[in-house]
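Everything below concerns the one structure shown next.
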Amino acid sequence: MRKLLLLSSLFVCLVTTAQKNKYQALLLDKHLTNNANAVVRLDEMKINVSASNKMTYTVRQIITVLKKEGDRFAVKRVGYDKEHKIKAINLYIYNQLGGEVDHIKKKDFKDVSAVDGFSLYTDNRLLYHRYTPTSYPYTIDFEYSVESSDTGFFPPWNFLSGYKASVEKSHYSIAYANEVLKPEIKEFNLDRIEITKSDVPGKITYEAENIEAIKSESLGPAFREIVPRLKVRLKKFNLKGEEANVSDWKEMGVWMNNALLKGQDVLEPATIAKVKGLVAGVKDPLEKAKIIYKYVQDNTRYVSVQVGIGGWKPISAIDVDRVKYGDCKGLSNYTYALLKAVDVHSYYTVIHAGATKVDFDEDFAALQGNHAILAIPYNDQYYWIDCTSQVHPFGFVGDFTDDRNALVVKPEGGEIIHTVAYVNEQNHQLTKVNYALEATGGISGNVRVVTRGIQYDDHFALEKDVNDDVIKHYKSYWSNINNLKIDKYNFKNDRDKVVFTEEVGLSASNYASISGNRILFIINAFNNNNFVPNRYRNRKLPFKIARGYLDEDEFVVQLPDGYKIEAIPKAMEVASEFGSYKVSFEVNEAENSILYKRNLLVKKGLYPKEKYAAYRDFRKTVARADDLQVVLVKK
């Protein structure tokens, strides 16, 4: 009996020791702590699909946070709504030796609305917890399970959680009841890690171990473009009670049209008569569309309501017309209905919106997207309009939805179409300046800035800003000029040509440096580009210029009386695969002035890491040239 008790005690001791070792930070492999703020000891998701409208998934994450910068990996949240029910949730905290510090149960999590900053009402909620550590490192063990009747948005998988987080073990598995429910999986960047994959009847499993952390690098592609990941979909799925069975984008478009859009475009006869009156006498469909778009901008506002199927199904056109507001889906559908009433064809379009471009995969028809716009076919091209914007010109979508694949929903089926791209020279800025340099070092003059393309998108909102914000903008935009004073400004927004013009009168004291009988000043006062990307001894990632642009500058600088030019830079011209740079200086002795001309073109592109040093050299050349000084001396 004593031997049995001794063996039992020894077994308990070994189990306890093994459990503590599991959470000890001191035993971590140095390859995993290198460049890491956190180490994910275990990242596991197990999914079971028992029907097209029944799915459960269990997630477990054990994460050791090494330093303060890794605290973001310890913030844990789980979303839920009517279709997603949290069945269990627990969070344990351990110190660096593996000792338990805290146990957060379901009742201890904060239950908050999953507000997105613009929704009037949403039924999405979060259980949320943020741990405040007293020392580092520490470990969290987080586990939860969810039961869902929604299978349209299938849980994807990233083998890395983010920059500067390594992974000791990653496990992702899907069990399915029959072949009809077998998911389709698209793999991304799996060649970067060693994967063990199993695909047997009823279950698919992916596993990986010892994945080293990735450091973010200047101009690196979006994390989703480089991380090893999986995108998953069911052909037969359920979305908020709506059943679907789709194999490709054409079938997805048919389903969306019939299940989500059909019947939502009905308008009251009075509204139809009103908009027909607005376009009376106008025959060209595009001109009609411009009138209707302006009507929508002037008479509606954007308010999001995300409740149930409302996250995907637009509110009816009649309701939008009555309340005069809607979300992106409702306003797009409403505009579609108004255009239809005046015999203009358009198509409801689902897209990934945001400054970072995200494409719909042409060969993988999965539910996705976070925004809706309209596509108007005209003369063998599409005009894209964002019906939520009250300020953008017709046909101009800016960097929110430009240059990416979107799903255009047509009655005969869906089609993946690329939205308009604003490329390189199309993103144009012309700056013309006349300024006088004073003998005391001050400057005064007038600046004219004309922008097009994405550069228009960056500037045109100024016309709606109050005076204080305009002044603040220019002091930031020309931050290289100390003591800047804005004396006057005027804006002109040509919405038909999509051109924005700024005219600014300004002055500044002590811009130039006075040294004895000399004046030294940087001639490029109003478009000085000193951007140089970070230097890397051993760069790991390719680099990306998401949008090219062209800047053209022409400055006439009036020199102070009693001074002559002692030194002036030489003209120069640089050309590379990344763009070009040209600058020249012309002296007009009769008028005692200098004409400064500058041209900078930066080209869009994805470039291999081996070319990063060359691009950095190009930007260094531009930065140095933009800082070139002119030296004046008293006559």
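Summary table below
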{"quantity": "Whole-percent pair-distance distribution, where bins are 5 Å wide, for the alpha carbons of segment 23-239", "calculated": "1, 6, 14, 16, 18, 18, 15, 9, 3, 0, 0"}
{"quantity": "Scaled radius of gyration (Cα, divided by 2.2 N^0.38 Å) that segment 299-382 gives", "calculated": "1.17"}
{"quantity": "Cα-based helix-to-principal-axis angle, 285-299 vs the chain, degrees rounded to 10", "calculated": "80"}
{"quantity": "Between segment 571-635 and segment 236-308, the alpha-carbon center distance in angstrom", "calculated": "49"}
{"quantity": "Under DSSP loop assignment and at most 14 Cβ neighbours within 10 Å, longest GluC sites (Glu not before Pro)-free interval of the chain", "calculated": "1-193"}
{"quantity": "Positive-end residue, segment 23-239 charge dipole about Cα centroid, Cβ charges, pick of Asn35, Val75, Leu190", "calculated": "Val75"}
{"quantity": "Length added when fully stretched, Lys54-Asp561, from 0.36 nm per residue minus Cα-Cα", "calculated": "174.2 nm"}
{"quantity": "Lysine pair count for segment 275-407 [Cα-Cα under 16 Å; pairs on different chains or 8 or more apart]", "calculated": "10"}
{"quantity": "Accessible surface, segment 258-418, averaged per residue in Å² (probe 1.4 Å)", "calculated": "40"}
{"quantity": "Sequence-distant lysines (8 or more away, or on other chains) whose Cα lies within less than 19 Å of Lys564", "calculated": "Lys634, Lys635"}
{"quantity": "Of the chymotrypsin sites (Phe, Trp or Tyr not before Pro) in segment 421-517, those whose Cβ has at most 16 other Cβ within 10 Å and which sit in DSSP loop", "calculated": "none"}
{"quantity": "Cα-based convex hull volume of the chain per residue, rounded to whole Å³", "calculated": "210"}
{"quantity": "Helical mean residue ellipticity (222 nm; -39500 (n - 2.57) per DSSP H run of 4+; nearest 500) of the chain", "calculated": "-5500 deg cm²/dmol"}
{"quantity": "Folded to 0 to 90 degrees: helix 269-278 orientation relative to the chain principal axis, Cα", "calculated": "30"}
{"quantity": "Nearby lysines by direct alpha-carbon distance to Lys68 (threshold 20 angstrom, same-chain neighbours under 8 apart not counted)", "calculated": "Lys30, Lys76, Lys164, Lys215"}
{"quantity": "Pairwise centroid distance, computed over Cα atoms, of segment 392-434 with segment 36-83, Å", "calculated": "36"}
{"quantity": "Dipole moment magnitude, nearest 20 debye, the chain about Cα centre, only Lys, Arg, Asp, Glu C-beta charged", "calculated": "1860"}
{"quantity": "Within the chain, percent of DSSP bridges classed antiparallel, to nearest 5", "calculated": "85"}
{"quantity": "Helix 328-341 axis, angle to the chain major axis (alpha carbon atoms, nearest 10°)", "calculated": "70"}
{"quantity": "For segment 424-634, accessible area per residue (1.4 Å probe, heavy atoms of protein chains only), Å²", "calculated": "50"}
{"quantity": "Rounded to whole Hz, the Karplus (6.51, -1.76, 1.60) HN-Hα couplings of segment 177-183, x for glycine and proline", "calculated": "6, 7, 5, 4, 9, 5, x"}
{"quantity": "Unit Cα scatterers, Debye sum, segment 258-418: log10 I(q)/I(0) for q = 0.09, 0.19, 0.20, 0.21 Å⁻¹", "calculated": "-0.26, -1.27, -1.41, -1.56"}
{"quantity": "Overall Cα dimensions of segment 424-634, principal axis frame, Å, largest first", "calculated": "54, 41, 27"}
{"quantity": "Of all accessible heavy-atom area on segment 20-152, the percent that carbon and sulfur account for (1.4 Å)", "calculated": "48"}
{"quantity": "Accessible area per residue, Å², segment 23-239 with all protein chains present, probe 1.4 Å", "calculated": "47"}
{"quantity": "Nearest-0.05 FRET efficiency for Val200 and Asn467, computed from C-beta distance (R0 60 Å)", "calculated": "0.30"}
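The values are calculated or read from the model by the stated rules, or taken from the named source; none is laboratory data. Just so it is clear, the model here is predicted, and its values are computed rather than measured. Backbone-built Cβ (ideal geometry, glycine too); neighbour counts: all protein chains shown. Note: accessible area is taken over every heavy atom of the protein model, side chains too, but ligands, DNA and RNA are not part of it. Shrake-Rupley method; radii C 1.70, N 1.55, O 1.52, S 1.80 Å.
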